Amino acid sequence: MQINTLLKITLVFTLCVILMGAYTRLADAGLGCPDWPGCYGMLKVPTAAHELNQVQQSFPGHTVEADKAWLEMIHRYIAGTLGLLVLLILVLCLKSRDTPKKLPIFIAALIIFQAALGMWTVTMKLMPIIVMAHLLGGFALFSLLLLLYLRNKPLRIPGGDPQARKLAGLAAICICVLLLQIMLGGWTSSNYAALACTALPICEGNWVDNLSFVAAFSPFQGEHASFEFGVLDYSARMTIHVAHRIGAIVTSVMLLYLAFKLIRTANSSIMRNAAWLLVLLVILQVALGISNVVMHLPLGIAVSHNGGAALLLLTLVFINYALWRKA
């Protein structure tokens, strides 16, 4: 199998892992299995009578919720397959004379660290800083796999498009802004703050007087038996939600500004198409965000919002690569 074909398959698997991770988290199934990497000490969800008896002996006080446990295990199965694909990419890249070496090694190290974060997510009972780090690791893996694909298959832009290259600095700022917004989104989700505000455009009531930034953004929130469903008070969760909403406005404006500048100045169809894709994804992401508020966080739309963020990041990675690469 060619490396580029394998990279395409792995990118699809990575998106599936991101979506399945979001689905598992939003369905409150993150602790569906209280141990790692198995489920109640088994490679599948225990359902038979003798398996349930064994659970009662090994995990006293726990009740197997099969639907949540299966969500968690399916997520782990897909993530495990992704890990094997990444290791196969590493082997093929090391054997090939024409492919980068450092980047696939770093990606393989990242997938191992992601596995550790997955374990800590369970053993530390959904501690928000670990959950957010696990989310960001998935986005980083997605971006680096695309970067490896682009480096392995040289990008050809007729004439180099020097007018578009003048926007490289703006594109770099935009990807940094988007990364900050993704972090805010992860922090919102991991602290169960997605429904802290149910009015548009920012929040209901006299929200300005109730902001509590220190409590909202403290990385460590004390010792708790579990962080499931969140441990912060309403003012802290509201602050996180408000920050995410304001960040969404800033991010949307920045990304649309970059897109329209590219549409106006780029000579190549590749860059103009990437800019139009960016416009489409920003509009879709804003619509999904508003739908989450109006419809009170329906599971399908909330998961799609995570997927939209991943595709936005991938689009900006491509634009930055195209603008910053050597001609």
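The values are calculated or read from the model by the stated rules, or taken from the named source; none is laboratory data. Since this is a predicted model, take the numbers as computed values, not measurements. All Cβ positions, even for glycine, are placed from backbone atoms using ideal geometry, and neighbour counts span all protein chains on display. Remember, those area values only see protein heavy atoms, side chains included, never the ligands or the DNA or RNA. Shrake-Rupley method; radii C 1.70, N 1.55, O 1.52, S 1.80 Å.
For this structure, a couple of remarks:
- In plain terms, the C-alpha convex hull of segment 235-301 casts an average shadow of 5.3 nm² when viewed from every direction.
- Of the solvent-accessible surface of segment 172-327, computed with a 1.4 Å probe and all protein chains present, 71% belongs to carbon and sulfur.
- Value of relative contact order over segment 143-268, rounded to a whole percent, pairs C-alpha under 8 Å and six or more apart: 41 percent
- Additional length obtainable on full extension of the chain from Trp36 to Thr63, 0.36 nm per residue less Cα span: 8.1 nm
- Per residue value of the accessible surface for segment 62-210 (all protein chains in place, 1.4 Å probe), Å²: 48 Å²
- Under the span-like rule (Cα at least 18 Å along the axis, Kyte-Doolittle mean at least 0.5), DSSP H helices of the chain: 3-26, 66-95, 102-123, 128-152, 168-190, 234-265, 269-294, 299-324
- Of all lysines in the structure, those lying under 25 Å Cα to Cα from Lys125, and not within fewer than 8 positions of it along the same chain, are Lys44, Lys68.
- Extending 7 Å from Cα along the Cβ direction at Arg156 and again at Tyr321 yields two label points whose distance is 1.7 nm.
- Shown are Trp70, Trp207, whose ranking by accessible area with a 1.4 Å probe and every protein chain present, most to least, is Trp70, Trp207.
- P(r) histogram, all alpha-carbon pairs of segment 147-234 included - 5 Å bins from 0, percent: 2, 9, 13, 16, 15, 10, 8, 8, 9, 7, 4, 1, 0
- The modelled label-to-label distance for the pair Ser218/Val250, using points 7 Å beyond Cα in the direction of Cβ, is 2.4 nm.
- Given +1 at the Cβ of Lys and Arg, -1 at the Cβ of Asp and Glu and no other charges, the dipole of the chain around its Cα centre is 1940 debye to the nearest 20.
- Treating each Cα of segment 1-46 as an identical point scatterer and summing with the Debye formula, the log10 of I(q)/I(0) at q = 0.19 Å⁻¹ comes to -0.73.
- Sorting the segments 268-278, 47-57 by their residues' average number of neighbouring beta-carbon atoms within 10 angstrom, most packed first, yields 268-278, 47-57.
- Taken along its three principal axes, the alpha carbon spread of segment 1-118 comes to 55, 25, 23 Å, from the longest extent down to the shortest.
- On segment 77-157, 73 percent of the accessible area sits on carbon and sulfur atoms, based on a 1.4 Å probe.
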